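Step one of this worksheet: look at the structure below.
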Amino acid sequence: ETGVTQSPTHLIKTRGQQVTLRCSSQSGHNTVSWYQQALGQGPQFIFQYYREEENGRGNFPPRFSGLQFPNYSSELNVNALELDDSALYLCASSPSTGRGPGANVLTFGAGSRLTVL
Amino acid sequence: GENVEQHPSTLSVQEGDSAVIKCTYSDSASNYFPWYKQELGKGPQLIIDIRSNVGEKKDQRIAVTLNKTAKHFSLHITETQPEDSAVYFCAAHKGNTGNQFYFGTGTSLTVIP
């Protein structure tokens, strides 16, 4: 059983640029969530994808967008990068968004460390 | 929305001693409370969780307690070992919100050999 894999692991961008981060969900998981973790802070929920549609969003502006593909993998896109976007971006997958003991149990990837200069 | 507070922010214990980390939450509708361990350069890893219909759960050296009335929950690690050194996060979740979890700010635990 493979876990959640993310790429790239590290990247550096300049203010105003755009970035795409990628995530492959754990085998058998159909729901992907993205979190932003600033240095020294807990993860903050960006959004969630289920059945290739966004179906939950945290307090992040529209320049944060995403995609989910038929194989459940996902992308996070951030446009017009700002210095405050520098963070570890975590992808998490789960078996479903519904009820039951396994639902909502997150498996995180190692993250993509984004630095905006 | 939900607000999760976590204390202490740093904790040092001698190997073999116990460690306790406490969290409070604000939304009484929250009903699922996981704890994550994050080692340097890695993503958070679920170590134990508890749902609101249970007051305590134990898994070997790790236990979690939940007080719904007071809206707080705690992580207890007994017989600490150097490999327990990491950052620990608590989180809260309420039903029908998908995977939107609210995390605490983390506790950096150092176990001194």
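Where a number appears in this text, it was derived from the coordinates with a stated rule and is not lab data. Because the structure is predicted, anything quoted here is derived from the model rather than measured. Cβ coordinates were reconstructed from backbone atoms using ideal geometry, including for glycine residues, and neighbour counts include every protein chain displayed.
Highest mobility in the GNM of chain A, judged by mean-square fluctuation with C-alpha springs under 10 Å and restricted to A:GLN18, A:GLN48, A:GLN68, is found for A:GLN18.
Quote the charge dipole size of the protein assembly as shown about the Cα centre in Debye, to the nearest 20; the model charges only the Cβ of Lys and Arg (+1) and of Asp and Glu (-1). Spell out each step's value before the answer.
Values: 18 positive and 20 negative charges, 76 e Å.
Its charge dipole is roughly 360 debye.
Peptide B:90-99 shows a mean partner chain C-beta count of 6 within 10 Å per residue C-beta.
Divide the volume of the convex hull around the Cα atoms of chain A by the residue count and you get 97 Å³ per residue. Two numbers describe the Cα atoms of the range B:25-74: Rg and Dmax, which are 12.0, 37 Å.
Can you give the local net charge around B:GLU56? Use residues other than it whose beta-carbon is closer than 13 angstrom to its beta-carbon, Lys and Arg +1, Asp and Glu -1. Once positives and negatives cancel, what remains is +2.
Please report the net charge: other residues with Cβ closer than 11 Å to the Cβ of A:ALA38, K and R +1, D and E -1. Write out the running numbers ahead of the final one.
Details: positive: none; negative: A:ASP84, A:ASP85.
So the surrounding residues net to -2.
A cut-off under 12 angstrom between Cβ atoms defines the neighbours of B:SER85, and their net charge, with Lys, Arg +1 and Asp, Glu -1, is -3.
Tell me, what are the semi-axes, in whole angstrom and largest first, of the equivalent ellipsoid of chain B as set by the roots of 5 times the Cα gyration tensor eigenvalues? Intermediate values should be presented prior to the final figure.
Numbers: eigenvalues 112, 42, 28 Å².
The three semi-axes for chain B are 24, 15, 12 Å.
A straight line joining the Cα centroids of the range B:27-93 and the range B:1-24 runs 10 Å. How about B:LYS57: which aspartates and glutamates have a C-alpha closer than 16 Å to its C-alpha, ignoring those fewer than 8 places off in the same chain? Of all the aspartates and glutamates, those that pass the test against B:LYS57 - Cα under 16 Å, at least 8 places apart if same chain - are B:ASP49. Rounded to a whole number, what is D in µm²/s for the protein assembly as shown from Stokes-Einstein with the Kirkwood radius over alpha-carbon pairs (37 °C, 0.692 mPa s)? Diffusion coefficient, whole number: 182 µm²/s.
Volume per residue for the range A:7-76 equals 109 cubic angstrom (convex hull of Cα atoms).
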